[in-house]
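The values are calculated or read from the model by the stated rules, or taken from the named source; none is laboratory data. Since the structure is predicted, the reported quantities are computational estimates derived from the model, not experimental observations. Don't worry about glycine lacking a Cβ; one is built from the backbone with ideal geometry, like all the others, and counts go over all protein chains shown. To get the accessible areas, we keep the full protein, side chains included, count just its heavy atoms, and leave off ligands, DNA and RNA. Shrake-Rupley method; radii C 1.70, N 1.55, O 1.52, S 1.80 Å.
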Amino acid sequence: MMGQLVQHYVLLSTVIFLIGAIGFLVRRNILVQLMSIELMLNAVNLALVAFNRQHQGNMNGHMFAFFVIAVAAAEAAVGLAILLAFYRLKASVNSDDADTLKH
Amino acid sequence: MSVGSLFFSVCALVALVGAVSTVAAKNPIRSAVGLLATIVAIAALFLKLAAQFLAAIQLIVYAGAVVVLFVFVIMLLGPDATTGERPARLRLSRWGGAVLLAAITGAALFVMRKGFGPLVPLGPVRADFGSTEAVGGLVFRGGLVPFEIATALLIVAVVGAIAVARSKPQPKKPRAEGHETRRLFAGPLHPRDAERPLPKESAR
């Protein structure tokens, strides 16, 4: 293995993002789906920081990752609040049960 | 293998194992622990990429706040946090997911070997690259408006989360009002009598 390449980080980021995306699609537990979203956001952050490490002209990648973290925190809070309201309504955390608009 | 490569390999392995266990674990608390492992490993990779500030933020916000919030919700739900998944559909989609993962990872590997230009190792890093000072200066000079919008977003998210997650107030019991004799003559004695039709004069 020759030194550290940005490609290694991007490959790792791709795989983590895909695991998150597949988890979001496959699992039916809303908690696990929210965690999968967090995985995807983390993977994107890793790619941003890795590219910024290669091109050091400015640090916009770090700034972007900072904002992504802020938005992810807000998203987790709102998502879990909606999950609690849904649980109160249906007594379940299965996303297949969220079919009130269907009928 | 150099120390840096070894560090990267260990962190990548921990991150991947954590990600897979997040997605595959039946019990959500194990998912949360897997997410925590991935987050800590990515924070270590941030350190390796000379992003000290982001590594600290990652640990504080993700490991300290988001994962703890998840664990709180799992504890609040108790045994209901685990859902029984439907096995037949799940098996099919699991295989589909594995095939998709392999295909896109293969494509990414191919692009990495062929189409990414020459493979250049990461060079030396600037002295102040990724420090709190540098990122803070950039955020407050170049990204002040997005920063303020992000603060507003966080406030709205907190208020909205409280409003959505708060339980509805219980309906109050009808309160006894006024003096007892007044209550006797003012209307029906019992709330259920208010629904009944009044007895007719001829029926007596």
P(r) over all Cα-Cα pairs of chain A, 5 Å bins from 0 to the longest distance, whole percent per bin, short to long, reads 2, 12, 17, 18, 16, 12, 9, 6, 4, 3, 1, 0
The rounded separation in angstrom of the Cα centers of the stretch B:121-164 and the stretch A:27-103 is 17 Å
FRET efficiency (B:Val120, B:Arg30; Cβ distance; R0 45 Å; to 0.05) is 0.70
At q = 0.22, 0.24, 0.25 1/Å the base-10 log of I(q)/I(0) from the Debye formula over the alpha-carbon atoms of the stretch B:1-80 is -0.97, -1.07, -1.11
Computed from the beta carbon distance with a Förster radius of 35 Å, FRET efficiency for A:His103 and B:Arg166 to the nearest 0.05 stands at 0.85
Given a 1.4 Å probe, the accessible area of chain A per residue, as a whole number of Å², is 38 Å²
For the pair B and A, the solvent-accessible area buried on both sides (1.4 Å probe; DNA, RNA and ligands excluded), in Å² to the nearest hundred, is 7100 Å²
Longest principal axis of chain A (C-alpha) makes with the long axis of helix A:60-90 (C-alpha) an angle, in degrees to the nearest 10, of 10 degrees
With the full set of protein chains present, the residues of the stretch B:38-68 whose 1.4 Å probe accessible area falls by 50 Å² or more relative to the chain alone are B:Ile42, B:Phe46, B:Leu49, B:Leu54, B:Tyr62
Under 16 Å by backbone N from the virtual spin label 7 Å along Cα-to-Cβ at B:Val158, the residues of the stretch A:53-78 are A:70-78
Charge tally for neighbours of B:Leu49 with beta carbon under 13 Å away, counting Lys, Arg as +1 and Asp, Glu as -1, is +3
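I'd like the FRET efficiency for A:Arg88 and B:Ala98, computed as 1/(1 + (r/R0)^6) with the beta carbon distance as r and R0 of 30 Å, rounded to 0.05.
E(calc), rounded to 0.05, equals 0.25.
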The summed charge of the A:Leu12 Cβ neighbourhood (under 14 Å; Lys/Arg +1, Asp/Glu -1) stands at +2
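Run the accessible area of the stretch A:5-103 with a 1.4 Å probe and give the carbon-and-sulfur part as a rounded percent.
It is 71 percent, rounded to a whole number.
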Once both label points are put 7 Å beyond Cα along the C-beta direction, the B:Phe72-B:Glu148 separation in nm becomes 3.0 nm
